[in-house]
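One structure below.
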Amino acid sequence: MQPEANLDINKVLEAYNPEIFRKQGYQIVDILADYLNQAISKNIKQSLPYSTPEKMLKKWPDNFSTEPTGNLADLTKRALSQSNHLHHPHYLGHQIAPSLPAAILCDMTSSLLNNSTAVFEMGPVSTVIEKSLINWMAKLVGFGTDSDGFLTSGGTLGNITALLAARQIKTGVDVWKKGVKEAPPLAVFVSEQAHYSIKRAGQIMGLGEEGVVLVPVDENYSMDISALERKFQETINTRKKPFAIIASACTTATGSYDPLDRIADFCEKHNLWLHIDGAHGASALISSKYRDLLKGVERADSISWDAHKMLLMPAPITALIFRDGNNSYEAFSQKASYLFEKGAQSEWYNLALRTVECTKTMMGLKLYTSLSVYGTDFFSTYVTAMHDLTRQFGEMIENSSDFQLAMKPQSNIICFRYIYEGAKDLNLLQRQIRKSILKNKSYYIVQTKLKDDIYLRCTVVNPFTTQEDLKDLLDIIRNTAKIKLNNRTYAK
Ligand SMILES: Cc1ncc(COP(=O)(O)O)c(C=O)c1O
């Protein structure tokens, strides 16, 4: 029988032609380098090219032709021009890093090799690189040589994997094998300011909304320990079995660090697992000036740490590290005999035993290479500088009578609002200021709701952002507010 499709070997050879690849590669790298230059030197007008989802969808329709029509360089240029420009010094938006050039190029190598990191024989280099990176990060946390872990595709996956392991270990019930029906109603505690991935993890795990107990925060948006004690007692009274506390280091909205030492004391007293969500803030550990923000971190049972936030890596690359490495095998005790031959612990090199993912990118290569190529001092200086600059920004705001800080910034995240007595609705005013800036100006800032108030929010993550940029941003906000206030809708 004839096969339905005859693979045209000439077409295949052309698609994989190394010389065409070389030519296209040089061309694309030229385009990317020019783009980088334009972004860094603010020659791109806006760090966020404002558009709507509908308009964008029209620009990227699903009308693929059966024959080749696209042009790689043109499509690359289109993607570049319509995307957010994280290397632009006025990018102060979400917590995602302007990627480092060596790391960008490593992603090209990873994509070419496509060695999945599920089992050692599928990805020998990426597997051992992961082990070395985890060892390096674990030392920074202050964990001992018994610690172990792996890389995973984002803080969200890191958090749920940690909680799955915690449940196996702390509840005394093999929920993995027997299902949730065998366990008593379970509960975990987290600050009400924690990232939504924690709540989602709990609910995916069948804890229900009530099983993820939200603990009120203090005036700095850090977990309030007396509220934790109260919530803990209330939870026990409803016959739920608590098994973990998730401490934020730091929170997403305000960059607040929970009091890790005090939470660790609480966990020890009540035999609870302590997971630290360090997706954003664990990178402060590499700064000798700021590592004390995480005082007590070495007492955690597990910690997640995103390198695509404050270690300048392209996403995703998250480390999940366990103080006792044996516990890193507890989340999934499932056996796939075609993949795994021996007992879990003796197969440290078969990383899919411990990760949600089966196929996983060679994500470690970019961080391993960048740490070597730039040296670790480069990263510690960067983290220190971003924290310093955010504090200077905080002082600027404190010294301006028309602005109000939500709290003194602890990390490189800062929340503030424009205030004016004559304004009818300050929340609406902040929203409109932000929208107007996104539409008409070069800055990208976000907003957040704290209690009932809307605040403007910046993450100072770009090493090219200067004090002058931040001063300029305040002036722009001020002027935008004045224009809005001249309009009757906003004035009292
Ligand atoms: C504190 C915190 N935890 C978890 C996450 C989720 O991480 P990811 O986006 O890598 O899944 C975020 C993302 O912003 C975060 O800020």
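Name every residue in region 190-204 that is of a type outside the set (Gly, Ala, Ser) and either under 21 Å from residue 414 (Cα atoms) or more than 16 Å from the ligand (Cβ to nearest atom) (or both), in order of residue number.
Initially, region 190-204 is screened for residues of a type outside the set (Gly, Ala, Ser), giving 190, 192-193, 195-196, 198-200, 203-204.
Scanning region 190-204 gives 192, 193, 195, 196.
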Condition met for residue 478 (in a helix (DSSP H, G or I) and modelled with pLDDT of 95 or more): yes
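Taking the residues in region 260-278 that are in a loop (DSSP other than H, G, I, E, B) and more than 16 Å from the ligand (Cβ to nearest atom) as candidates, determine which candidate is surrounded by the most Cβ atoms within 10 Å (Cβ to Cβ).
Keep residues of region 260-278 that are in a loop (DSSP other than H, G, I, E, B), which gives 271-272, 278.
If we keep only those that are more than 16 Å from the ligand (Cβ to nearest atom) as well, we get 271-272.
Details: 271: 9, 272: 21.
For region 260-278, the residue satisfying everything is 272.
In region 279-324, how many residues are among the charged types (D, E, K, R) and part of a loop (DSSP other than H, G, I, E, B)?
Result for region 279-324: 5.
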Only listed residue being within 26 Å of residue 386 (Cβ to Cβ), surrounded by fewer than 23 Cβ atoms within 10 Å (Cβ to Cβ), at pLDDT 95 or above and within 16 Å of the ligand (Cβ to nearest atom), chosen from 156, 152: 156
Filter result (surrounded by 14 or more Cβ atoms within 10 Å (Cβ to Cβ), assigned to a loop (DSSP other than H, G, I, E, B) and away from the ligand (no atom under 16 Å from the Cβ)) within region 75-97: 85, 87, 88, 89, 90
Residue 300 being within 16 Å of the ligand (Cβ to nearest atom), of a type in the set (A, V, I, L, M, F, W, C) and assigned by TED's automatic domain parsing to the domain that holds residue 138: yes
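Which one of these is among the aromatic types (Phe, Trp, Tyr), within 14 Å of the ligand (Cβ to nearest atom) and farther than 30 Å from residue 174 by Cα: 257, 290? If you could, list the steps in order and put the result at the bottom.
Numbers: 290 fails: within 14 Å of the ligand (Cβ to nearest atom).
Result: 257 is the single residue among 257, 290 that is among the aromatic types (Phe, Trp, Tyr), within 14 Å of the ligand (Cβ to nearest atom) and farther than 30 Å from residue 174 by Cα.
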Entirely in region 100-210, the helices (runs of 4 or more DSSP H) that have 2 or more residues that are closer than 29 Å to residue 253 by Cβ, in contact (Cβ under 8 Å) with a residue 40 or more places away in the chain and not polar (S, T, N, Q): 124-141, 155-170, 196-204
Counted residues, region 221-249 - those being out of contact with any Asp or Glu (no Cβ under 8 Å at 6 or more places or on another chain), within 16 Å of the ligand (Cβ to nearest atom) and either aromatic (Phe, Trp, Tyr) or closer than 26 Å to residue 406 by Cβ (or both): 2
Long-range neighbours under 6 Å by Cβ, at least six apart or interchain, first residue not assigned by TED's automatic domain parsing to the domain that holds residue 380 within region 279-292, second within 16 Å of the ligand (Cβ to nearest atom) and acidic (Asp, Glu): 279/306
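The values are calculated or read from the model by the stated rules, or taken from the named source; none is laboratory data. Note that the structure is predicted; figures quoted are calculated from it, not measured. Note that each Cβ is placed from the backbone with ideal geometry, even for glycine, and that neighbours are counted across all protein chains shown.
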